[in-house]
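Only the coordinates and a few stated rules stand behind these numbers; no lab work does. Bear in mind that the values here come from a model prediction, so they are computed numbers and not experimental data. A quick note on method: Cβ atoms are made from the backbone with ideal geometry, for glycine too, and the neighbour counts reach across all protein chains shown.
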Amino acid sequence: MRDPEEITNIRIRPRAAEPVTLPIPVQTMDLVRRVATTRDMSAEELLKFYIGQGLRQDAARLFSERILETTAEVLARHIPSEEERSAILREIRGEAAA
């Protein structure tokens, strides 16, 4: 059994960072600061969180699109009917969305 101390000991590896200057509207930054306060975070931490969250969502979407494109290519090699391939892809998209 693992030692409870070992389980709760989080190791954060520092990653290389690049400073970025980005003009953000004053009202937006005011809102970011207010939201950050409610989350017990700095405005910088909250902005990094939002960027990371959005980036992960977009990366997942791009990955899904790539999988569907590859699936369509494989289906095209094995199923001559465009109508049948389209029906299969629609079903896959429907199942993935559910």
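Within 10 Å of each residue's Cβ, count the other Cβ atoms and sort T21, T37, T28 from fewest upward.
Starting with the residue having the fewest Cβ neighbours, the order is T21, T28, T37.
May I ask for the longest run of the chain untouched by trypsin sites (Lys or Arg not before Pro) that are loop-located per DSSP and have at most 11 neighbouring C-beta atoms (other than their own) within 10 Å?
40-98
Find the percent of Cα-Cα distances in the chain that exceed 23 Å, and round it to a whole number.
Tail fraction, whole percent: 59.
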